[in-house]
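My questions will all concern the structure given below.
Just so you know, all these numbers are worked out from the coordinates, no wet-lab data involved. Keep in mind the model is a prediction, meaning the values are calculated, not measured. When we count neighbours, we look across all protein chains shown, and the Cβ atoms used for this are built from the backbone with ideal geometry, even at glycine.
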Amino acid sequence: MKVRRFLVFLTALVTVGGYAWVRQAVQGDAATDLHTIGAGGVVWGLYVVGDGFFASAALAMLAVACVLRVLRRRDMESVTRMALPLGIAGLLASLGCVMADLGRPMAAMVSLPLVGRPRSPFFGTFTVVVGASLFATVVHLALASRPGWAERAHTTKRWPWRWLAGGWKATASAMRRRERVDFWLSLALLPALLGGFVILGIVFGVRAGRPAWQGAFAVVTFVVSGGAAGCSLLLLAAHASRRASVLLARVLAVFTGLTVLFVVSGEILALRTPYLSVHRYARALLDGPWNSFFWAELGLLFLAGIVSLAMAWRKKVSIIVAAATALLLCAAVFLERFLVLVAWQTHGLGLPWPAGAYHPTSIEWSVLVGVAAAAALVFLFLIKVCRAQTGDASAPTSPAPAGRLLRSLITAACVIVGLAAAASGLALSAGFASAPFLDPILPGSPLVFLAGLFVMVLAAVAYELIPEREV
């Protein structure tokens with residue numbers, strides 16, 4: 001009954017957010033508090049802050065899952081099983097925030113795939129962060145769920161589970177392929193996740209009028225704080241496993257401590273820099289109009305750090321403490337994203353313009369809360385559908401088959417074709433064989449790049465699904 005009420009509550013939030021989005025679509029950006037920079041406003045507001053928060057937390061959780069797969073930590077399987085659905089929900093939430101921020105989302109969805117250039121921040125976020133990472137994670141979760149779906153098909157005799165299982169049989173060969181796909185797909189996904197982190201860090205941290213070293217410092221701060229938020233959500237989702245929770249609590253304590261260190265150090269360095277724009281921005285955080293947000297962020301980070309240290313020291317994690325830690329850290333990281341993005345537009349440009357202000361409207365808050373509620377529903381749906389196998393997955397039902405030539409050839413072909421398409425699409429999108437001021441000579445080059453990444457991911461599907469010849 002409690003779960004049903006919670007689902008009704010989330011559905012109500014999604015409904016309110018959808019209504020707010022429709023109002024914004026009808027009224028335009030007049031329904032928000034977004035204005036022109038230099039005229040007292042900002043062009044990137046609450047929606048882009050939500051994009052940075054959801055995407056960074058999702059990438060952090062997916063990176064943790066991939067590292068555990070590469071290290072073959074089967075004792076941390078509960079963390080991995082939670083990280084993949086959480087990562088998918090987070091990436092979808094970030095996509096929803098971007099779509100809400102675009103004044104004409106359908107026009108952007110048509111123009112970006114046709115003439116997008118890598119120098120645009122939307123190119124990296126839509127191709128590497130959302131496109132390739134999301135597709136690879138969905139494939140990873142689907143392949144890992146096949147044993148559980150086969151078990152459901154055997155017990156319920158229903159065709160959807162049999163279709164989803166894709167002919168899974170617990171043979172020695174299938175189990176070996178399952179382990180290899182987990183390892184290699186995770187190893188291949190890690191660079192994409194790290195690259196997505198760097199892209200988001202550059203979008204949020206590198207600003208005009210800021211020295212290069214401080215931009216790099218902001219990128220590192222973005223990555224570390226995103227890791228803290230992602231680990232806190234993972235700790236809340238995987239609290240039932242004591243061993244996994246203790247390890248996550250220790251990792252969380254490290255990330256939280258580093259976040260506090262980088263935030264405080266960044267403020268000190270900004271106060272001592274000779275650059276006018278950076279100094280003005282730092283004063284706005286310390287004792288200016290954004291000081292309440294900055295001190296609230298520091299207070300939440302310090303409190304979360306103390307709680308995470310206590311959890312790591314006591315070697316015990318309760319659901320209440322895990323939920324409190326996740327709430328504190330997510331609120332602190334969201335404030336950090338808000339200040340880095342919004343306060344820089346109002347007080348950090350270093351130009352002879354009046355200081356700006358930004359106060360999100362109820363429409364913006366409703367849309368953002370609706371996106372978060374929709375992400376929660378997606379996560380609960382994936383957890384319900386992609387349950388782990390409950391039986392013995394270690395005993396094969398038949399001897400190991402032989403004959404791997406066809407499967408190896410198709411897998412290698414997917415990798416080679418995908419790599420060639422991705423390289424060609426990236427080169428054409430960057431303006432190869434065309435003047436710098438012209439569009440790519442091949443419209444749709446970003447789609448070629450993205451399709452190449454998809455084909456490389458499908459190599460894992462081919463390797464696991466193509467059966468071997470029984471001996």
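List the trypsin sites (Lys or Arg not before Pro) within segment 96-160 that DSSP assigns to loop and that have no more than 13 neighbouring Cβ atoms inside 10 Å.
Arg119, Lys157, Arg158
In degrees, nearest 10, range 0 to 90: what is the angle between the Cα axis of helix 2-27 and the longest Cα principal axis of the chain?
Compared with the principal axis, the helix lies near 50 degrees.
Another question, if that's okay. Label segment 1-106 by shape, choosing from rounded, prolate and oblate, from the square roots a ≥ b ≥ c of the eigenvalues of the Cα gyration tensor; if a/c is under 1.5 it is rounded, and otherwise prolate applies when a/b is larger than b/c, oblate when it is not. Don't skip to the end; give the middle numbers.
On the way: a/c = 3.58, a/b = 1.66, b/c = 2.15.
Oblate, because a/c is 1.5 or more while a/b does not exceed b/c.
What is the distance in Å between the Cα centroid of segment 131-185 and that of segment 265-285?
The two parts, judged by their Cα centres, are 51 Å apart.
List the relative contact order of the chain as a percent without decimals, with contacts defined as Cα pairs under 8 Å and 6+ residues apart.
The normalised contact order for the chain reaches 27 percent.
Now for a separate question. Sort Cys66, Cys386 so that the residue with the fewest other Cβ atoms within 10 Å of its own Cβ comes first and the one with the most comes last.
Listed from fewest to most nearby Cβ atoms, that is Cys386, Cys66.
Based on the Kirkwood radius over alpha-carbon pairs, what value in µm²/s does the Stokes-Einstein equation return for the translational diffusion coefficient of segment 84-228 at 20 °C and 1.002 mPa s?
Calculated translational D: 120 µm²/s.
Something else now. Taking amide hydrogens as modeled 1.01 Å from N in the peptide plane, which residues meet the under 5 Å criterion relative to Asp33, leaving out close sequence neighbours?
Long-range HN contacts for Asp33: Thr361.
Could you point to the label whose value was computed as percent of Cα pairs over 40 Å apart for the structure here, given (1) 24; (2) 39; (3) 19?
Recomputing percent of Cα pairs over 40 Å apart here gives the entry labelled (1).
Relative to the longest principal axis of the chain, what angle (0 to 90°, nearest 10) does the C-alpha long axis of helix 319-338 take?
Around 50 degrees separate the two axes.
Between Arg74 and Ala188, what is the FRET efficiency for a Förster distance of 25 Å, r being their Cβ-Cβ separation, to the nearest 0.05?
0.80
Answer rounded, prolate or oblate for segment 267-376, using the Cα gyration tensor with square roots of eigenvalues a ≥ b ≥ c: rounded when a/c is under 1.5, else prolate when a/b is larger than b/c, else oblate.
Numbers: a/c = 3.55, a/b = 1.50, b/c = 2.36.
It comes out oblate by the Cα gyration axes.
Further, regarding this structure: Taking Cα atoms, how many degrees apart are the long axis of helix 212-237 and the longest axis of the chain, rounded to 10 and kept between 0 and 90?
The helix 212-237 is inclined about 50 degrees to the chain.
Sorted from largest down, what three extents in whole angstroms do the Cα atoms of segment 40-152 have along their principal axes?
54, 30, 27
Relative contact order of segment 100-230: what whole-number percent is it, with Cα pairs under 8 angstrom and at least 6 residues apart?
On the way: 84 pairs, mean separation 27.6, N = 131.
Here the relative contact order equals 21 percent.
What is the spin-label model distance, in nm, from Glu179 to Val220 if the labels are put 7 Å beyond Cα along the C-beta direction?
3.9
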